[in-house]
Amino acid sequence: MKPNQTVNPLESLDEWEDDLLRRYPDPESIAQDKTVEEYRNYDDPKRETVKEFYRLNHTFQTYDFVMAKRAEFLSFNKKEMNIWGAFDFLNQLVDDSDPDTDLDQMQHLLQTSEAIRRDGHPDWMVLVGLMHDMGKVLCLFGEPQWAVVGDTFPVGCAHSDKIVYPEFFSSNPDSTNQQFNSKYGVYEPNCGLKNVTMSWGHDEYVYQMMKDYIPEPGLYMLRYHSFYAQHREHAYDHLLDKHDQEMFKWVNLFNPYDLYSKNPTPPDWKQLKPYYEDLVAKYLPSTLKF
């Protein structure tokens, strides 16, 4: 089966986040209106659709695939929009099957950013909360789910057994390629993540989109917020340098806001609009290229 012949096994993109909450429950300091245990309450705990999603992800996320996607999408020549038009575009991904919320993508992002603002973090981090899922517009350009969401990991070196469903990497061509299947693969010990190519998805895409506008700690949040094998399992310490280790404190700070900020109360956009218009104008250009 070729990548462009695969189906999308998840009923929604957020089904992947359900699995994250099951795997990585967090304290309740950010969650409102629900306990952590109430989030993502599906009747089927086996999550067969998530398992199939990762079978596809682990089979087709090869080094060559990632390099091809970087060449295809990082020229940012698909569409140009102002920021609020971009959110309207993203809202086409409204999820009718998410058990936690019937809010659109923009409202989820506002809940994340408002939770960050409520706790007194810098305004650039509030902007990270607002923008962190913007890369999901890749789905609107025809990309399959497994090339948009999912736990991310380095390509070009051996796959860690700390990555969810590691058994599916046996079908990945890189696992039998001597150039890519050793501990360091194409990399050097502690070379730093700036020299490491990650699997393709919305994290890398939004990082590349924002890299000229947001401070470095925020860029780490964007680029590695799905790199659970590292910030939860420390599976790739052998590739990180000292600077990465320091920056991952920011990634760890951000992730609970993403996972636990959803609640059924919609944000009051009329009240919030002046603040966010000023925030966006402070950091971002009038239009963004996608």
Tell me, what % of the accessible area of the chain is carbon and sulfur with a 1.4 angstrom probe?
47 percent
Could you give the semi-axes, largest first, of the ellipsoid that matches the stretch 162-220, computed as the square roots of 5 times the alpha carbon gyration tensor eigenvalues and rounded to whole Å?
27, 15, 10
To the nearest 20 Debye, how big is the dipole of the chain about its Cα centre, given +1 on the beta carbon of each Lys and Arg and -1 on that of each Asp and Glu?
880 debye
Which FRET efficiency value, to the nearest 0.05, is calculated for ASP241 and THR265 with the Förster distance at 30 angstrom and r the Cβ-Cβ distance?
0.10
Cα radius of gyration and Dmax for the stretch 246-290 (Å)
14.6, 38
Neighbour-limited loop hits for trypsin sites (Lys or Arg not before Pro), the stretch 156-233 (at most 16 other Cβ within 10 Å; DSSP other than H, G, I, E, B)
LYS162, LYS183, LYS211, ARG232
The stretch 145-290: spread of alpha-carbon positions along the three principal axes, whole Å, largest first, is 56, 31, 28
Largest-first ordering by accessible area, 1.4 Å probe, given options CYS157, CYS191
CYS191, CYS157
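Equivalent ellipsoid semi-axes for the stretch 48-200, as square roots of 5 times the alpha carbon gyration tensor eigenvalues: give them largest first, rounded to whole Å.
Numbers: eigenvalues 189, 68, 57 Å².
Semi-axes (√(5λ), whole Å): 31, 18, 17.
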Rolling a 1.4 angstrom probe over the protein heavy atoms, how many square angstrom per residue are accessible across the stretch 157-261?
40 Å²
Spelling out what I want: for every residue of the stretch 74-91, take phi, set θ = phi - 60°, compute 6.51 cos²θ - 1.76 cosθ + 1.60 (Karplus), and round to whole Hz; glycine and proline get x.
7, 7, 6, 10, 8, 6, 10, 9, 6, 4, 6, x, 5, 5, 4, 4, 4, 5
Chain lengthening between LYS78 and GLU216 when straightened (0.36 nm per residue, less Cα-Cα):
47.1 nm
For ASN82, what residues show an amide H to amide H distance below 5 Å, using hydrogens built from the backbone and excluding near sequence neighbours?
LEU288
Tell me which of CYS191, SER113, TRP124 sits at the most positive position along the dipole axis of the stretch 90-192, charges placed on C-beta atoms (Lys, Arg +1; Asp, Glu -1).
CYS191
Kirkwood Rh, Cα atoms: Rg over Rh of the stretch 209-277
1.08
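The values are calculated or read from the model by the stated rules, or taken from the named source; none is laboratory data. Here the structure is a predicted model, which is why all the values come from computation and not from measurement. No Cβ is skipped: glycine too gets one built from the backbone with ideal geometry, and neighbour counts run over all protein chains shown. Just the protein is used for accessible areas: all its heavy atoms, side chains included, with ligands, DNA and RNA removed. Shrake-Rupley method; radii C 1.70, N 1.55, O 1.52, S 1.80 Å.
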